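The values are calculated or read from the model by the stated rules, or taken from the named source; none is laboratory data. Computed from a prediction, not measured in an experiment: that's the story for all the values here. A quick note on method: Cβ atoms are made from the backbone with ideal geometry, for glycine too, and the neighbour counts reach across all protein chains shown.
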Amino acid sequence: MTIHATTPEADAVARRRTFAIISHPDAGKTTLTEKLLLFGGAIQLAGAVKAKRGGAATRSDWMGIERERGISVVTSVMTFEYGGRVFNLLDTPGHEDFSEDTYRTLTAVDAAVMVIDAAKGIEARTRKLFEVCRLRDIPIVTFVNKLDREARDPFDLLDEIEKTLALDTAPVTWPIGRGRSFAGTYDLRRNLVRRLDDDTEAFAVNGPEDGRLLAMLPEHERDAFAEELGLAREALRPFELAGFREGHLTPVFFGSALRNFGVRDLIDAMGEFAPPPRGQQADTRLVEPTEPRMTGFVFKIQANMDPNHRDRIAFMRVCSGRLTRGMKAKLVRTGKPMSLAAPQFFFARDRAIAEEAFAGDVVGLPNHGTLRIGDTLTEGEEIVFRGVPSFAPELLRRIKLTDPMKAKKLREALQQMAEEGVVQVFQPVDGSGAIVGVVGALQLDVLKERLAAEYSLPIDYEPTRFSICRWITCDDKLELDRFVNAHTSSIALDLDREPVFMAASAFSLTYEQERWPEIRASDVKDYQ
Ligand code: GDP
């Protein structure tokens, strides 16, 4: 027997699972989140995560716009304990207009649960989010939801996942019946059956022909089911941990979030298979989670979470070491020290001061505008974490201020909103009014509402002649200056005062690229 010397950091890291749920709207992400939190004892009342239209106000619907539209606009984190492990579930906005937020959140997780509607299979947004996970080799556990309703054939669904996502599948459970006949699941590895009406105890059976198993289904479905299960056991790929951890195989679970069925197996699998916090790539080296010194990066800023306390919270993923309340950290971007006086943990309905946190944890750091998305905090080391990208906006609008006396205030407010990642702000070098860029139109509504509510700044939007925006770089600094000088009416500076070129059409962008081959135009920018 080997005895491993272990540190408190290593123990804490091994217990942690930091993940997000990816899905197409309506597949059941919110329902599943509620049920997962119930397992963690984090909420007593299912239904507390997202108030639908007309529902009671809850922690996560802190903004009027969200209440009005019944959508979840904010990204937040929920921590809970289950089975001796600490789970950090990072919530992602459901609406695709906030996809940038979601991409950033996915840079802070080590695994994801992909929820699929059993009647619909892989939908557009699931596919897109999956691609983001794949870029980072994030392992994915699949939950096929809504088996209690009319569902597609499970072989068909697995085949679709394999073909459309180029991802191997390994069913861990198999549904016993579907729709009205859905009666439970069969654990393919251990030959255990869970019943829909009581999932607390699984019972062992002797394979597909077992009488107790078949008795769960109507008589006329039994033969076909025994055959289907036999085929599933023999023909489908068994689960294999290495393939899952490398991101090319997904274990698949079947269930019904609404009926709180299949969720227990899912969360057990997250504990058992999903990786503990992984090393994070910084500009100069890979930072291991068990290193003694604290490091972390900010992937999300949320302002005004509690209308009674105007505050701004930066969400930081701890990447290594131990964060303790009151410690001094260095904000690498400015080189200045920062006291982490009141780091917070978030639960479904509450937050609490975090006395200490470890790699994989997400802490909220209250601040008055010191922290930005993409910031790295360390105990002194000069490193910058990579991978919190910014995407070129797809909609550009000029801001029209109804009260010109407030121009200075508007500049400050826009700077804040850009630092929080609400919108991107570009200041044209020719001195004309600021241009805001967004990925989805709803972001424009959020900006307008927040400027009015938090800064008393009523604004309107005006169209611009630009429809495309690209960050421009060049190895030859003088060539870049020449390009900028030749296009002053189409150049603006972003938050970091880095230049973007704005074009009226894809045609004019291509035209300029042909004329200026040394200028690189990029639609993604890494922060820092
Ligand atoms: P989200 O948009 O992905 O967060 O989806 P929701 O969790 O809000 O679910 C969308 C709708 O599907 C709601 O009406 C849910 O009650 C319903 N729903 C979610 N899970 C299930 C399920 O397992 N079975 C059935 N029949 N309905 C479900």
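So, in region 397-417, exactly how many residues are closer than 16 Å to Y461 by Cβ and under 25 Å from the mean Cα position of the chain (by Cα)?
Here the count works out to 2.
Any residue in region 447-455 that is touching a residue at least 60 places away in the same chain (Cβ under 8 Å), basic (K, R) and over 30 Å from T510 (Cα atoms)?
Yes, that holds for at least one residue.
Are any of the residues in region 497-511 loosely packed, with under 14 Cβ neighbours inside 10 Å and touching a helix residue (DSSP H, G or I) at 6+ places or on another chain (Cβ under 6 Å)?
No: region 497-511 contains no residue that is loosely packed, with under 14 Cβ neighbours inside 10 Å and touching a helix residue (DSSP H, G or I) at 6+ places or on another chain (Cβ under 6 Å).
Looking at A453 and the list (1) among the small types (G, A, S); (2) under 20 Å from L395 (Cβ atoms); (3) in a helix (DSSP H, G or I), which single condition is not satisfied?
(2)
Quick check on region 169-212: of everything there that is among the polar types (S, T, N, Q) and under 14 Å from F239 (Cβ atoms), which residue is nearest to the chain's Cα centre (by Cα)?
Step by step, filter region 169-212, then rank; the result is T169.
Considering region 127-158 alone, what residues qualify as being farther than 21 Å from F254 by Cα and either of a type in the set (D, E) or within 14 Å of the ligand (Cβ to nearest atom) (or both)?
E131, D137
Going by what's in this entry, would F155 be described as surrounded by 24 or more Cβ atoms within 10 Å (Cβ to Cβ) and not in a loop (DSSP other than H, G, I, E, B)?
It is false that F155 is surrounded by 24 or more Cβ atoms within 10 Å (Cβ to Cβ) and not in a loop (DSSP other than H, G, I, E, B).
Please determine, by comparing only the residues of region 243-299 that are hydroxyl-bearing (S, T, Y) and assigned to a loop (DSSP other than H, G, I, E, B), which one is surrounded by the most Cβ atoms within 10 Å (Cβ to Cβ).
Among them, the one singled out is T290.
Are there any pairs, at least 6 apart or on different chains, whose C-beta atoms fall under 7 Å, with the first in region 392-403 and outside any strand (DSSP E or B) and the second modelled with pLDDT of 90 or more and of a type in the set (G, A, S), and if so, which?
P393/G437
Scan T164, T92, T126, T102 and give me the residue that is polar (S, T, N, Q), assigned to a loop (DSSP other than H, G, I, E, B) and either without any contact (Cβ under 8 Å) to a residue 60 or more places away in the chain or within 23 Å of V524 (Cβ to Cβ) (or both).
T92
Listed here are the residues, each with its yes/no results for (1) closer than 30 Å to P393 by Cβ; (2) within 16 Å of the ligand (Cβ to nearest atom); (3) among the polar types (S, T, N, Q); (4) at pLDDT 75 or above.
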| site | (1), (2), (3), (4) |
| --- | --- |
| A14 | no, no, no, yes |
| D26 | yes, yes, no, yes |
| T31 | no, yes, yes, yes |
| F39 | no, yes, no, yes |
| E66 | yes, yes, no, no |
| L89 | yes, yes, no, yes |
| E96 | yes, yes, no, no |
| T105 | yes, yes, yes, yes |
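Go through (1) surrounded by 19 or more Cβ atoms within 10 Å (Cβ to Cβ); (2) within 16 Å of the ligand (Cβ to nearest atom); (3) at pLDDT 75 or above and name the single condition A48 misses.
In the conditions (1) surrounded by 19 or more Cβ atoms within 10 Å (Cβ to Cβ); (2) within 16 Å of the ligand (Cβ to nearest atom); (3) at pLDDT 75 or above, A48 misses (3) alone.
Just one of D523, D460 is more than 17 Å from L414 (Cα to Cα) and in contact (Cβ under 8 Å) with a residue 40 or more places away in the chain; which is it?
Sole residue among the options that is more than 17 Å from L414 (Cα to Cα) and in contact (Cβ under 8 Å) with a residue 40 or more places away in the chain: D523.
Within 13 Å of G262 (Cβ to Cβ) and either modelled with pLDDT of 95 or more or not β-branched (V, I, T) (or both) - does that describe any residue in region 205-228?
no
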